[in-house]
Every structure is written in structure tokens, then in C-alpha cells.
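A short worksheet on the structure shown next.
The values are calculated or read from the model by the stated rules, or taken from the named source; none is laboratory data. Small disclaimer: the values here were computed from a predicted structure and weren't measured. Here the Cβ positions follow ideal geometry from the backbone for every residue, glycine too, while neighbour counts run over all protein chains shown.
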Amino acid sequence: MNSQIDHIRVDFITGSRRISNFCWAFVLLLGALGFFFVGFSSYLQKDLIPFLYAEQILFIPQGIVMCFYGIAGLFISFYLWCTIFWNVGSGYNKFDKQKGIFYIFRWGFPGKNRRIFLQFFIKDIQAIRMEVQEGFLSRRVLYIKIKGQQDIPLSRVEEFLTLREMEEKGVELARFLRVSIEGF
């Protein structure tokens, strides 16, 4: 999603609040709870959850391992839920031709550096570059080339746009900034 006036263009970036992250966090939470309750049930020698049969499982070593996997899964699920809650990675790219400045803003993890805010001069932008890797794990990323800097990614690596959509997005941005396009 983007917004554009004659001299200002803003591209909004979706962070962690995606449907796939919600699904993974939920599935991981359910699986971790299942492992933990089966392991704990084997310790008590009683089924805590009716459809998870744990009476046949010995606590040492299988029950302990299942409790460990359950606790580890709970920690990973908690981490995913926190990134979703904080919306890590969301932000915007703002191009202001009137001021001649390009802004990148992203939300990070809580702490001293939660707000990531970078500024560059538009006159230092050399080109828009698109990296395409096709195959099983295809990857399509738009980069902006700046003099004396590393290439800065403008889109998420996980963003699953078609090749045509990515090209249109890159051409539209290059036309707005009046710079060349590389990698097409």
C-alpha cells in the first residue's frame, strides 16, 4: 500500500502482523501445550487431557523430553506472539522531493532503539535494483542503491509479490525519483 502526492510518496510496510504469523504462533502454542501436558501427565500417571493418552509413557526419559520440548515450544510461541503484538518490522518509506530527503522508518523490539529512523538525500540515490531468485524458495526484493552505502531493501524478503507486481512497483518508484532501474 502506498500514498503519493506530487512531491511526496509514502510506501507502508507490513510488519509481523500477518495471517501466516498468527497461524504459526497459534499452531506452535497448541503443539507445545500438547507436548507439555503429555509429559506432565506421564509424571502424574494420569491423563490430564482426555484425548492425549500418557499412561503408557514412562516419565524417565520420554516424559522429561516431552516436557522439555513443550517448554521450549512455549518460549518460541511467546516470542512470536510478542513480535506480533509489537508489530516488529512495520513502518514506512517516505520520499520527499521538495525537501530532497528519503526517510526509512521501522518499528523494532522494545528498548532504547525501538524506533529505527534513517534519512538519506534523494540526490544520492543512484538506482532502484530488483533481486530475483526463482526456485523452490523464490525471493524477490527491491533495493535502493545509494552512493557510498550498502543497498537498502525497500520490501520485505517474505513479501510474495508476482514478478509483474514487483516490476511495476520498481518502475513506479524509479519514475517518481527519476533514477535508473537495474536487475530487470
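What to note about this one:
- Only residues that are under 27 Å from SER180 (Cα atoms), of a type outside the set (Lys, Arg) and out of contact with any helix residue (DSSP H, G or I) (no Cβ under 9 Å at 6 or more places or on another chain) were counted in the range 94-112, giving 4.
- Considering the range 50-64, the residues that are in a helix (DSSP H, G or I) and surrounded by 13 or more Cβ atoms within 10 Å (Cβ to Cβ) include one that is farthest from the chain's Cα centre (by Cα), namely PHE59.
- Every residue from the range 15-44 that is surrounded by 15 or more Cβ atoms within 10 Å (Cβ to Cβ) and among the polar types (S, T, N, Q): SER16, ASN21, SER41, SER42
- Test result for ASP47, loosely packed, with under 13 Cβ neighbours inside 10 Å, modelled with pLDDT under 95 and more than 29 Å from the chain's Cα centre (by Cα): no
- Per-region count, the range 113-155, residues touching a helix residue (DSSP H, G or I) at 6+ places or on another chain (Cβ under 6 Å) and in a loop (DSSP other than H, G, I, E, B): 1
- Residues that are part of a strand (DSSP E or B), closer than 26 Å to PHE22 by Cβ and either touching a His at 6+ places or on another chain (Cβ under 7 Å) or not polar (S, T, N, Q) (or both) do occur in the range 82-97.
- Residue ID - farthest from LEU28 (Cα to Cα), chosen from residues in the range 39-49 that are polar (S, T, N, Q) and in a helix (DSSP H, G or I): SER42
- The set of residues in the range 85-128 being surrounded by 13 or more Cβ atoms within 10 Å (Cβ to Cβ) and of a type in the set (S, T, N, Q) consists of ASN87, SER90, ASN93, GLN126.
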